[in-house]
Every structure is written in structure tokens, then in C-alpha cells.
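Have a look at the structure below before the remarks.
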Amino acid sequence: MAKLFRAAILGPPGSGKGTISKRIAQSFGLQYVSSGDHLRQGLPANTEAGLQMKTYIERGLSVPDHVVTGLVLPKLEQLSSHSWLLDGFPRTLTQAQVLNNLYQLDLVISLNIPYETLKDRLSDRWIHPASGRVYNMSFNPPRVQGKDDITGEPLIQHDDDKPDALMSRLRQYKEVAKPVIDLYKAKGILHSFSGTETNRIWPYINSLLSTKLNRQPSDAQQMP
């Protein structure tokens, strides 16, 4: 049986983590585990972690480590016989240490995107709150302006995506992410990629994963 491959992707809001993660999952057959998706799915679920998380979100507070791990780790247990890619987890050093006690990661990808690029991307970003679907007015607009393609419900723009709040979010991301990045750098499994366009970063990530997984580089169709 082929060795299981476990990877994670780190990056600030607007870095293209979701787009790149989905390409990796499609191109290399990894199970895609997004902590954001699990947090949203955990909300309506009548689970202790889901109910706790709802309380924090309603109060505008960061979701604590034990609540996040309580939602993500059961999903990884279900995928014990699969290779997977984590997006948005681990976000903090505590989460990384909990993960390390259970799984050995093979690769961690860190995306370094300039502030101006993040600002431009996020100011164009609109979200369907119930599903978490994200639209970008520049390269992935909804079919009807201001409406979700599937439900027709209105889209919103997060206050967090407005420029003043964005500076604070990015500062907070850097503070929290630095010890996580340092941990994986020390383990020798961190690979950082810099750039302003996802399609220019993708070939390098594709080539790296092809080498790690002993496969030919994928001809995955380019997406914005």
C-alpha cells in the first residue's frame, strides 16, 4: 500500500489558499479538509463543539483552540486511511502541537502574498454567509450582481475585509502564524512561495508535489 501523504497550507486571508488547495486536491487525489468549512458545518450541528463555537462567533470572538481541534480532529480520524491536505489548520502553535502528537506531516506550504495584493483581492470579495461561498468581483463574479448563484440569496462583504480592519487582521495573522511557520521550518518540511498571482505560483507548487509524490506534474486546468 502506498504511503499516506499528509500536508497543510498556511497563508493570510486573501492569499488564495482555498483555490490552491482545491487544485492540489483535484490534481493529486488528496482529501481536502478546510477548517473554515468544518467551523461553518459545525454551527448548526447539535454538537458540543458546534454550540460552543456559535457562542464565540455571535460575540465576535476568535474561536479557541480546543473548539477548533474538537471539530477538525474527528474529521481526520474518519480519513485515517487517506492522504489529506489541511487548509486553515493548524492556525496556532497549540493547534500545531496537538496535530503533531497525532500525525506526522510530510509537507507544509506557506503562501507569502504582498499586502497590496491582499487588500485588492479582499476589497473585491463578497460572501454568501450560509454556505461560505466566496465571489470575487474581478475574476469570479456572481451571475447576478449581489446574489448567490445557487440560492439567489444576498451576498455580504465582511467588515473584516475592509482596509482598516484588514491591516489589523494581517498583523494578527503574522503574530499567530510565525511560531507555527518556525515549527515546521525547524522540522525541515516548510516550503514558502511568494507572488501576486495564483497562476504564477501554482506551477512551482505543482512541481514540488509531483516530486514529493513521485508523479508527473499535473496539467490541471488553470483557475483564477
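The values are calculated or read from the model by the stated rules, or taken from the named source; none is laboratory data. Bear in mind that the values here come from a model prediction, so they are computed numbers and not experimental data. Virtual Cβ from ideal backbone geometry, glycine too; neighbours counted across all protein chains shown. Accessible surface is based on the protein model in full, side chains and every heavy atom, while ligands, DNA and RNA are left aside. Shrake-Rupley method; radii C 1.70, N 1.55, O 1.52, S 1.80 Å.
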- [ ] Can you confirm whether the stretch 51-68 contains a residue that is β-branched (Val, Ile, Thr), assigned to a helix (DSSP H, G or I), closer than 17 Å to Leu99 by Cα and at pLDDT below 90?
- [x] yes
Open item on the list: It is to be established whether one or more residues within the stretch 100-117 are crowded, with 18+ Cβ neighbours inside 10 Å, of a type outside the set (A, V, I, L, M) and modelled with pLDDT under 90.
Closed with: no
Task: Pair list, Cβ under 8 Å, 6 or more apart: the stretch 113-140 residue under 16 Å from Pro13 (Cβ atoms) and basic (Lys, Arg), other residue open to solvent by less than 70 Å² (accessible area, probe 1.4 Å) and assigned to a helix (DSSP H, G or I) - done: Lys119/Pro163; Lys119/Leu166; Arg125/Asp161
TODO: Check Lys119 against each of (1) touching a strand residue (DSSP E or B) at 6+ places or on another chain (Cβ under 6 Å); (2) charged (D, E, K, R); (3) within 28 Å of Pro90 (Cβ to Cβ) and name the one condition it does not meet.
DONE: (1)
Open item on the list: Can you tell me how many residues within the stretch 150-182 are open to solvent by less than 50 Å² (accessible area, probe 1.4 Å), at pLDDT 90 or above and over 27 Å from Pro90 (Cβ atoms)?
Closed with: 2
- [ ] Search the stretch 121-137 for residues being in contact with a Ser or Thr (Cβ under 8 Å, 6 or more places away or on another chain) and surrounded by fewer than 16 Cβ atoms within 10 Å (Cβ to Cβ), and hand back the single one that is nearest to Phe193 (Cα to Cα).
- [x] Ser131
Open item on the list: I'd like the full set of residues that are in a helix (DSSP H, G or I), closer than 23 Å to Tyr103 by Cβ and of a type in the set (S, T, N, Q), limited to the stretch 186-216.
Closed with: Ser210, Thr211
- [ ] Scan the stretch 1-20 and report the pairs whose first residue is within 23 Å of Arg171 (Cα to Cα) and whose second residue is open to solvent by 40 Å² or more (accessible area, probe 1.4 Å) and hydrophobic (A, V, I, L, M, F, W, C), with Cβ atoms within less than 9 Å and a gap of 6+ or a chain change.
- [x] Gly18/Val134; Thr19/Met223
